[in-house]
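Structure record follows, encoded as structure tokens.
The values are calculated or read from the model by the stated rules, or taken from the named source; none is laboratory data. Quick caveat: nothing in here was measured; it's all calculated off a predicted structure. Neighbour counts are summed over all protein chains in view; Cβ atoms, including those assigned to glycine, are modelled from backbone coordinates with ideal geometry.
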Amino acid sequence: MTESLERGDATGWFDEVYARANGDVRGVPWAHLKPRAAFAEWIQRHKVRGDGRRALVVGCGLGDDAQELAARGFAVTAFDVAPTAIAWCKERFPASPVNYVVADMFNPPPDWIDAFDFVLEIFTVQALPITLRPDAATAVARFVGPSGALLVICMGVSACVERTGPPWPLTRAETHLFQHNGLAETNFEVFMGGNRAPVLRTAPTQWRIEYQRVSERKTEP
């Protein structure tokens with residue numbers, strides 16, 4: 001990963017991890033072969049139904065979160081910058097209705113902009129260098145269509161904590177960067193495991209942040 005960053009390639013190391021795993025999920029540290037617990041709890045608690053609405057999964061990995069959205073009736077597109085990950089998704093779910101695509105969030109297909117009713121981002125932005133955070137958050141926000149929603153799940157820390165990575169947990173100031181393209185934060189939760197905690201801690205905790213598009217884009221892409 002260090003060599004990739006030294007080459008100025010902030011995302012190339014993802015495919016290297018999947019390729020080295022050679023089909024063994026134990027070689028992919030962030031893969032669990034089931035939806036993320038924080039996402040599964042949220043979608044169950046809110047009894048979310050897709051009813052044919054369009055959803056996009058950012059950095060979909062091995063596809064479990066995308067499959068959960070499809071099972072709930074969303075028309076799902078899921079992308080990853082790692083070709084090996086997308087091939088692995090298609091192998092795992094050969095009959096899936098999910099449209100699995102190799103794509104780069106910084107240079108997405110033009111027809112994805114302002115196109116989705118629901119966008120899901122879990123642990124992707126935090127895996128990118130801190131210097132890319134503003135551009136990454138803006139890129140994610142641009143996928144959300146009129147009246148659409150964004151759910152971000154990430155590791156978070158106080159701004160006073162030194163961060164070494166990857167991953168590099170987000171600060172609260174950095175979560176505000178998603179408030180682009182007419183998005184406003186509507187809910188913020190701090191939790192550890194399955195238990196939501198009421199305060200920030202110096203050690204990284206998991207954050208779940210909801211955003212809603214409440215206005216038209218105010219800044220140019």
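Quickly run through the stretch 6-64 and pick out the residues that are of a type in the set (G, A, S) and farther than 29 Å from I130 by Cβ. Walk me through how you get there before you give the answer.
The initial filter retains those residues of the stretch 6-64 that are of a type in the set (G, A, S), namely 8, 10, 12, 19, 21, 23, 27, 31, 37-38, 40, 50, 52, 55, 59, 61, 63.
Once the filter is applied, which keeps residues that are of a type in the set (G, A, S) and farther than 29 Å from I130 by Cβ, the stretch 6-64 yields G23, G50, G52.
Between a first residue in the stretch 81-102 that is within 18 Å of A139 (Cβ to Cβ) and a second residue that is part of a loop (DSSP other than H, G, I, E, B), which pairs have beta carbons less than 6 Å apart while being 6 or more apart in sequence or on different chains?
Close Cβ pairs satisfying both conditions: V81/T11; V81/D104.
Condition check: β-branched (V, I, T), over 17 Å from the mean Cα position of the chain (by Cα) and within 14 Å of F123 (Cβ to Cβ). Does V25 satisfy that?
Against the criterion (β-branched (V, I, T), over 17 Å from the mean Cα position of the chain (by Cα) and within 14 Å of F123 (Cβ to Cβ)), V25 does not qualify.
List every residue pair whose Cβ atoms sit under 9 Å apart, with the two residues 6 or more apart in sequence or on different chains, where the first one lies in the stretch 138-150 and is touching a residue at least 12 places away in the same chain (Cβ under 8 Å) and under 15 Å from E216 (Cβ atoms) and the second, anywhere, is among the basic types (K, R) and part of a loop (DSSP other than H, G, I, E, B).
Note: pairs meeting the criteria are R142/R217; G148/R53.
Of all the residues that make up the stretch 88-137, how many are modelled with pLDDT under 95 and of a type in the set (G, A, S)?
Residues meeting the conditions: 1.
Please work out if G194 is under 26 Å from H32 (Cα atoms), out of contact with any strand residue (DSSP E or B) (no Cβ under 9 Å at 6 or more places or on another chain) and modelled with pLDDT under 95.
So G194 passes the test.
Being surrounded by fewer than 16 Cβ atoms within 10 Å (Cβ to Cβ) and small (G, A, S) is the filter here, so list the residues in the stretch 94-118 that pass it.
The initial filter retains those residues of the stretch 94-118 that are surrounded by fewer than 16 Cβ atoms within 10 Å (Cβ to Cβ), namely 94-95, 97, 99, 102, 104, 106-107, 109-111.
Result: A95, single match.
In this structure, is E185 surrounded by fewer than 17 Cβ atoms within 10 Å (Cβ to Cβ), modelled with pLDDT of 95 or more and not polar (S, T, N, Q)?
yes
Spot the failing condition for A82; the list is (1) modelled with pLDDT under 95; (2) under 15 Å from the mean Cα position of the chain (by Cα), and only one is missed.
For A82, the failing item is (1).
Taking the stretch 127-152 as the search range and keeping residues that are within 15 Å of D80 (Cα to Cα) and touching a strand residue (DSSP E or B) at 6+ places or on another chain (Cβ under 7 Å), which one is surrounded by the fewest Cβ atoms within 10 Å (Cβ to Cβ)?
That would be F143.
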